[in-house]
Amino acid sequence: MKHWDLVQQAALDSHGIITFAQAKDLGIFPTEIYRWCKTGRIMKVARGVFRLMSYPSQGMISNMATLLASVGDGSYLYGESALAFLGLCPTRPYVATVAVPRRIRKHLDKGVSVVKAASGYRPYYHSGIACQHPRDAIRSSIGVLEAVRLGEAVDEAERLGYFTQKEADELRKDVNNGKTTS
């Protein structure tokens with residue numbers, strides 16, 4: 001199989017995004033990646049992160065895939081960013097909060113906030129993007145977002161079937177009392 005075919009196959013699973021690390025695992029040298037950039041097949045979107053130009057952009061999903069790839073493996077959307085991504089409530093659109101399993105040394109945009117990921121936490125996947133489960137994202141956002149907005153997020157998450165009415169009632173109590181743990 002040709003290298004380009006391998007890259008396309010790998011990028012299908014990540015919304016058109018390929019990283020240097022993934023390419024290296026496929027046996028592709030950086031010189032090939034740079035040659036594809038010059039010919040317009042791919043575009044550099046962050047340090048070590050590239051987007052296939054033939055892959056259709058999917059708005060917020062593509063942006064989140066790019067963000068997570070640029071931060072590193074094992075990262076996931078956290079707190080209010082997860083709530084916004086899941087469509088549960090409006091949040092600050094200029095800030096993206098990402099949980100990372102280990103320290104990162106990359107220079108990130110001003111709009112990216114990084115928190116330490118909980119040890120052993122298994123993220124929830126929505127449209128192939130790793131994020132906190134809505135229950136955990138709501139709890140993480142207590143004290144950051146207004147209780148009214150979080151209450152609306154609980155209502156919407158319950159309506160969408162993310163959790164039962166009993167779980168929703170417990171979350172509402174926690175939101176109203178300002179409790180961040182269960």
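Below are the figures for this structure:
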quantity: Qualifying residue in the stretch 34-42 (condition: in contact with a strand residue (DSSP E or B) (Cβ under 6 Å, 6 or more places away or on another chain), at pLDDT 85 or above, closer than 12 Å to GLY16 by Cβ and buried (at least 21 other Cβ atoms within 10 Å of the Cβ)); calculated: yes
quantity: Residue in the stretch 133-182 that is surrounded by the most Cβ atoms within 10 Å (Cβ to Cβ), counting only those that are among the basic types (Lys, Arg) and more than 23 Å from the chain's Cα centre (by Cα); calculated: ARG172
quantity: Complete set of residues in the stretch 1-29 that are β-branched (Val, Ile, Thr) and either outside the structural domain of VAL45 (by TED's automatic domain parsing) or in a loop (DSSP other than H, G, I, E, B) (or both); calculated: ILE28
quantity: Members of the stretch 14-28 that are surrounded by 12 or more Cβ atoms within 10 Å (Cβ to Cβ) and either more than 21 Å from the chain's Cα centre (by Cα) or not aromatic (Phe, Trp, Tyr) (or both); calculated: SER14, HIS15, GLY16, ILE17, ILE18, THR19, ALA21, GLN22, ALA23, LYS24, LEU26, ILE28
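The values are calculated or read from the model by the stated rules, or taken from the named source; none is laboratory data. Small disclaimer: the values here were computed from a predicted structure and weren't measured. Note: ideal-geometry Cβ built from the backbone for every residue, glycine included; neighbour counts use all protein chains shown.
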